[in-house]
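To start, the structure itself, in structure tokens.
The values are calculated or read from the model by the stated rules, or taken from the named source; none is laboratory data. The structure presented is a predicted model; accordingly, all values stated were derived computationally and were not measured. Note that each Cβ is placed from the backbone with ideal geometry, even for glycine, and that neighbours are counted across all protein chains shown. The protein model used for the area step is the full one, side chains on, heavy atoms only, and it has no ligands, DNA or RNA in it. Shrake-Rupley method; radii C 1.70, N 1.55, O 1.52, S 1.80 Å.
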Amino acid sequence: MVDKDAGPATLHYAHGEFAVLKAGRFVACAVTGRPVPLEVLRYWSVERQEAYAGPEEARQGLAPAR
């Protein structure tokens with residue numbers, strides 16, 4: 001039996017929380033492309049609606065374009 005929730009999730013990011021729009025176990029980091037399991041997801045951008053694997057990736061993803 002295939003677990004249909006084993007793949008990527010689709011989320012809506014809000015301040016301090018996110019809503020699951022499509023069930024899944026992870027989202028991709030916007031900087032590295034690495035999968036980030038939902039249970040450890042702590043960094044995202046509300047404005048850009050994207051997730052980050054950790055604080056360094058969030059800093060890189062939120063840095064102004066040069």
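Restricting the first member to segment 10-38 and to residues that are surrounded by 15 or more Cβ atoms within 10 Å (Cβ to Cβ), and the second to residues that are polar (S, T, N, Q), the beta-carbon pairs closer than 6 Å and six or more apart or on different chains are Tyr13/Gln49; Val31/Gln60.
The residues in segment 39-54 that are loosely packed, with under 11 Cβ neighbours inside 10 Å and either among the charged types (D, E, K, R) or touching a Lys or Arg at 6+ places or on another chain (Cβ under 6 Å) (or both) can be counted, and the count is 2.
So, restricting to strands (runs of 3 or more DSSP E) that lie completely within segment 7-66, which ones have at least 1 residues that are basic (Lys, Arg)?
17-22
If a residue must be open to solvent by 80 Å² or more (accessible area, probe 1.4 Å) and over 17 Å from Glu17 (Cα atoms), how many such residues does segment 55-66 contain? Going through segment 55-66 one residue at a time, the tally reaches 7. I'd like to check something: does segment 27-39 contain any residue that is basic (Lys, Arg) and within 19 Å of Glu57 (Cβ to Cβ)? Scanning segment 27-39 turns up at least one residue that is basic (Lys, Arg) and within 19 Å of Glu57 (Cβ to Cβ).
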